[in-house]
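The values are calculated or read from the model by the stated rules, or taken from the named source; none is laboratory data. Everything numeric in this text was worked out from a predicted model, so none of it was measured. Please note: Cβ atoms are built from the backbone with ideal geometry, for glycine as well, and neighbour counts cover all protein chains shown.
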């Protein structure tokens, strides 16, 4: 969210003092009506890393968007656009024959991917078959082509204060954003022509404030919905990152341990 211009309070962008202390990249790089993707992130992050390395410094990625982090370090699969007719025909086919029949087809054409898919997961079954019918290659072959920036020397650090403390921090963060003028920020974005239907305006916080401004929910409901949605997203983040066994987890107060861990990695 911090890539979008004008979305400041709700995205938790660093303040001016922090920006002065350390050079930040990929902040305020696109307009709110731009449909920013993981591919865009990878392209811009690669350019930023080149700039940083040319200064003989190390790039530090900070944030919680697991998809973007994985896209950069694990790689992206470049799967061609599948013809709409193939997708439509397959939707009719699965409605007529049922998921079990098509799951058996998936096991035949892409056994590696089928092992990761539940027999009732119609969406992923259809995706696997769509790709094969549309490109002549199975989905696993595209995943195997993925190449990211990760190396044996990539350092991952996770910060997690525990569920109870995290929820307190989330509630406090939301209250603070509202005190700083979050509602006014969304109102100004709308006044500048950025509609609630934009992808950037449908994200956590912005979606709820837009609903409040449209008189669809009360202010107190909006506040509670933001907190609830943020907690749900935080849980999703933790689950996502726990899949990466290279991450070393710490609590926020473990500053000395974190510093020691980084110095050891740097052979300091």
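If you go through segment 253-267 one residue at a time, do you hit one that is modelled with pLDDT of 95 or more and under 18 Å from the mean Cα position of the chain (by Cα)? No, segment 253-267 contains no residue that is modelled with pLDDT of 95 or more and under 18 Å from the mean Cα position of the chain (by Cα).
Per-residue answers, yes or no, for (1) within 21 Å of the chain's Cα centre (by Cα); (2) closer than 14 Å to residue 1 by Cβ:
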{"residue": "204", "(1), (2)": "yes, yes"}
{"residue": "213", "(1), (2)": "no, no"}
{"residue": "221", "(1), (2)": "no, no"}
{"residue": "229", "(1), (2)": "yes, yes"}
{"residue": "235", "(1), (2)": "yes, no"}
{"residue": "238", "(1), (2)": "yes, no"}
{"residue": "245", "(1), (2)": "yes, no"}
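Take the conditions in a loop (DSSP other than H, G, I, E, B) and free of Cβ contacts under 8 Å to residues at least 40 places away in the same chain and apply them to residue 59. Does it pass? Can you show your working first?
Values: in a loop (DSSP other than H, G, I, E, B): yes; free of Cβ contacts under 8 Å to residues at least 40 places away in the same chain: yes.
Yes.
Restricting attention to segment 237-268, the residues that are without any contact (Cβ under 8 Å) to a residue 24 or more places away in the chain and either assigned to a helix (DSSP H, G or I) or on the phi > 0 side of the Ramachandran plot (or both) add up to 9. Quick check, is residue 136 touching a residue at least 12 places away in the same chain (Cβ under 8 Å) and either within 29 Å of the chain's Cα centre (by Cα) or under 19 Å from residue 79 (Cβ atoms) (or both)? Against the criterion (touching a residue at least 12 places away in the same chain (Cβ under 8 Å) and either within 29 Å of the chain's Cα centre (by Cα) or under 19 Å from residue 79 (Cβ atoms) (or both)), residue 136 does not qualify.
Mind telling me which of the residues 72, 61, 6 ends up being within 30 Å of residue 136 (Cβ to Cβ) and at pLDDT 95 or above? Explain how you work it out, then say what you get.
Numbers: 61 fails: within 30 Å of residue 136 (Cβ to Cβ); 6 fails: within 30 Å of residue 136 (Cβ to Cβ).
The match here is 72.
Specify the residue that is farthest from residue 151 (Cα to Cα); the eligible residues are those in segment 218-230 that are in contact with a helix residue (DSSP H, G or I) (Cβ under 6 Å, 6 or more places away or on another chain) and buried (at least 16 other Cβ atoms within 10 Å of the Cβ).
222
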